[in-house]
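Here you go, one structure.
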(Lines give C-alpha, C1' and ligand atoms only; values in the text may rest on other atoms or scores of the structure.)
Protein backbone atom coordinates (compact mmCIF):
# COMPACT_ATOMS: atom_id res chain seq x y z
CA UNK A 1 0.00 0.00 0.00
CA UNK A 2 2.66 2.55 1.04
CA UNK A 3 5.61 0.65 -0.40
CA UNK A 4 8.21 2.69 -2.28
CA UNK A 5 7.63 2.79 -6.02
CA UNK A 6 11.21 3.37 -7.19
CA UNK A 7 14.81 2.52 -6.40
CA UNK A 8 15.20 5.98 -4.85
CA UNK A 9 12.18 5.26 -2.68
CA UNK A 10 13.59 1.96 -1.48
CA UNK A 11 16.95 3.58 -0.74
CA UNK A 12 15.24 6.35 1.22
CA UNK A 13 13.16 3.80 3.16
CA UNK A 14 16.37 1.98 4.08
CA UNK A 15 17.97 5.26 5.19
CA UNK A 16 14.95 6.01 7.39
CA UNK A 17 15.37 2.66 9.14
CA UNK A 18 19.08 3.33 9.69
CA UNK A 19 18.79 6.84 11.15
CA UNK A 20 15.27 7.06 12.61
CA UNK A 21 16.68 7.16 16.13
CA UNK A 22 19.13 9.99 15.34
CA UNK A 23 16.99 12.84 16.58
CA UNK A 24 17.58 16.48 17.45
CA UNK A 25 16.36 17.27 20.94
CA UNK A 26 15.61 20.52 22.76
CA UNK A 27 14.32 20.81 26.31
CA UNK A 28 13.59 17.09 26.42
CA UNK A 29 11.47 17.11 23.26
CA UNK A 30 12.15 15.82 19.77
CA UNK A 31 12.45 18.77 17.39
CA UNK A 32 13.73 17.06 14.26
CA UNK A 33 15.90 14.51 12.55
CA UNK A 34 19.67 14.89 12.53
CA UNK A 35 20.59 16.01 9.00
CA UNK A 36 24.14 14.66 9.20
CA UNK A 37 22.87 11.21 10.21
CA UNK A 38 20.31 11.35 7.38
CA UNK A 39 22.95 12.23 4.79
CA UNK A 40 25.31 9.47 6.00
CA UNK A 41 22.49 6.93 5.99
CA UNK A 42 21.47 7.95 2.48
CA UNK A 43 25.06 7.72 1.30
CA UNK A 44 25.36 4.23 2.77
CA UNK A 45 22.24 3.08 0.87
CA UNK A 46 23.43 4.62 -2.40
CA UNK A 47 20.84 7.41 -2.55
CA UNK A 48 22.26 10.48 -4.30
CA UNK A 49 22.73 13.67 -2.29
CA UNK A 50 20.27 15.79 -4.28
CA UNK A 51 17.47 13.30 -3.75
CA UNK A 52 18.36 12.93 -0.06
CA UNK A 53 18.14 16.70 0.45
CA UNK A 54 14.83 16.86 -1.44
CA UNK A 55 13.34 14.09 0.71
CA UNK A 56 14.63 15.30 4.08
CA UNK A 57 11.78 17.73 4.94
CA UNK A 58 9.11 15.11 4.23
CA UNK A 59 10.96 12.38 6.13
CA UNK A 60 11.54 14.66 9.10
CA UNK A 61 7.89 15.77 9.15
CA UNK A 62 6.68 12.17 8.94
CA UNK A 63 8.90 11.01 11.79
CA UNK A 64 7.84 13.95 13.96
CA UNK A 65 4.18 13.22 13.29
CA UNK A 66 4.60 9.57 14.29
CA UNK A 67 6.54 10.48 17.43
CA UNK A 68 3.94 13.08 18.48
CA UNK A 69 1.11 10.64 17.82
CA UNK A 70 2.75 8.01 20.03
CA UNK A 71 3.16 10.40 23.00
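The values are calculated or read from the model by the stated rules, or taken from the named source; none is laboratory data. All values reported here derive from a predicted model rather than from experimental measurement. Heads up, the Cβs are rebuilt from the backbone with ideal geometry, glycines too, and the neighbour counts pull from every protein chain shown.
Listed here are the residues, each with its yes/no results for (1) modelled with pLDDT of 85 or more; (2) surrounded by fewer than 14 Cβ atoms within 10 Å (Cβ to Cβ); (3) out of contact with any strand residue (DSSP E or B) (no Cβ under 6 Å at 6 or more places or on another chain); (4) within 21 Å of residue 69 (Cβ to Cβ).
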| residue | (1), (2), (3), (4) |
| --- | --- |
| 2 | no, yes, yes, yes |
| 15 | no, no, yes, no |
| 27 | yes, yes, yes, yes |
| 34 | yes, no, no, yes |
| 41 | yes, no, yes, no |
| 46 | yes, yes, yes, no |
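Using beta carbons and a limit of 9 Å, which pairs, at least six apart or on different chains, have the first residue in the range 51-71 and surrounded by fewer than 13 Cβ atoms within 10 Å (Cβ to Cβ) and the second one assigned to a helix (DSSP H, G or I) and modelled with pLDDT of 90 or more?
none
Would you call residue 47 over 17 Å from residue 9 (Cβ atoms) and touching a residue at least 12 places away in the same chain (Cβ under 8 Å)?
So residue 47 fails the test.
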